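Below you'll find the structure, written out as structure tokens, and then a few comments.
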Amino acid sequence: MAQRKGLGKGLDALIPGGKSSGVPSGFVSSGSVGVQQVAVELIQRNPSQPRLTFKDDELNELAASIREHGVIQPLIVLPKSDGTFTLIAGERRLQASQRAGLKTVPVIPRQANNQELLEIALIENVQRADLNAMEEAEAYRHLVEDFGLSHEMVARRVGKSRVAVTNTLRLLGLADTVKQALVDGQITEGHARALLALSTQKAQASVLQTVMNLSMSVRQTEELVRKLAGQKPLKAAKPKRGADVNDVEKRLQKSLGTKVALKYGKKGGTVTIYYYSDEELDSLLEKLT
């Protein structure tokens, strides 16, 4: 079906294909195969929806577009025996349709269990980058704790690496004040992961205030955390010597017959000549003078 193309491979794989069974009488045919119109008031929010916050300005923009062009991509719903429907995918479209004053919206009925309700909603939001880091972490936690999925299995379902899933789950160990700062956009995930290295949540909250007051970068935050943990700061990597420097050093060593170390600086540099006896020193003096 053409309407399903925009959902992405991960979402498409989780939504069972074919005709749905037991479609309630609340549907009115839209004339498109598989797509039906249903009253907005009959659609209930997905209880497993991981996204908790929606920006008013974005919903208003989408509502304006829907007034002009209608709902282009149908919502995915789960028919219930009482004649209502549970929303599987399309939370923003539903809310915007309500703001636009629509009485009915196009939907595709599908069957899904509780785990699939969460997985489909999660994949839809992850693919569109709609979730903040903490919402994503909570959704992963539900899949792991409530449905027994491993980090690797979660990663395959949402199309991310296992390391990315594990790192996101680690954010659940942050102090509440740090979690809120991350959700509010006051710090980045890089800052949050750096603070995780602190031994207590109290220490995390304390360092958070320093980071925010001084507008510290992620690198500065990492260095501060290392210092507080008693670790030596990371040294900057030494620049690699060019082939021309090595060549000059070898030529000097061959000419003088002893070890020579050549070091370049920002302005000029140094040449260190080694000798191992008084006789070698005399020989070097003759060559140099």
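The values are calculated or read from the model by the stated rules, or taken from the named source; none is laboratory data. What you see is a predicted model; the values in this text were computed from it and never measured. Methodologically, a virtual Cβ is constructed for each residue, glycine included, from the backbone with ideal geometry; neighbour enumeration extends over all protein chains shown.
Just a few scattered comments:
- Residue pairs whose Cβ atoms lie under 8 Å apart, sitting 6 or more positions apart in sequence or on different chains, and linking a residue in region 248-267 that is over 24 Å from residue 282 (Cβ atoms) to a partner that is in a strand (DSSP E or B), are 248/262; 263/269; 263/270; 263/271; 263/272.
- Checked against (1) aliphatic (A, V, I, L, M); (2) more than 30 Å from residue 162 (Cβ to Cβ); (3) modelled with pLDDT under 85, residue 94 meets all criteria but (3).
- Among residues of region 259-272 being surrounded by 10 or more Cβ atoms within 10 Å (Cβ to Cβ) and of a type in the set (D, E, K, R), the one that is modelled with the lowest pLDDT is 263.
- Only one entry in 76, 66 is assigned by TED's automatic domain parsing to the domain that holds residue 36, closer than 30 Å to residue 145 by Cβ and either within 28 Å of the chain's Cα centre (by Cα) or part of a helix (DSSP H, G or I) (or both), namely 76.
- Among the candidates 195, 284, 252, 256, residue that is at pLDDT 90 or above and surrounded by 12 or more Cβ atoms within 10 Å (Cβ to Cβ): 195
- Yes/no for residue 210 being at pLDDT 90 or above, hydroxyl-bearing (Ser, Thr, Tyr), under 25 Å from residue 135 (Cβ atoms) and surrounded by 11 or more Cβ atoms within 10 Å (Cβ to Cβ): no
Residues are listed down the side, and each one gets a yes or a no for (1) of a type outside the set (S, T, N, Q); (2) without any contact (Cβ under 8 Å) to a residue 40 or more places away in the chain; (3) not in a loop (DSSP other than H, G, I, E, B):
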position: 141; (1), (2), (3): yes, yes, yes
position: 154; (1), (2), (3): yes, yes, yes
position: 160; (1), (2), (3): yes, yes, no
position: 177; (1), (2), (3): no, yes, yes
position: 181; (1), (2), (3): yes, yes, yes
position: 186; (1), (2), (3): no, yes, no
position: 198; (1), (2), (3): yes, yes, no
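- Unique match (being among the charged types (D, E, K, R), loosely packed, with under 12 Cβ neighbours inside 10 Å and modelled with pLDDT of 85 or more) among 202, 238, 179: 202
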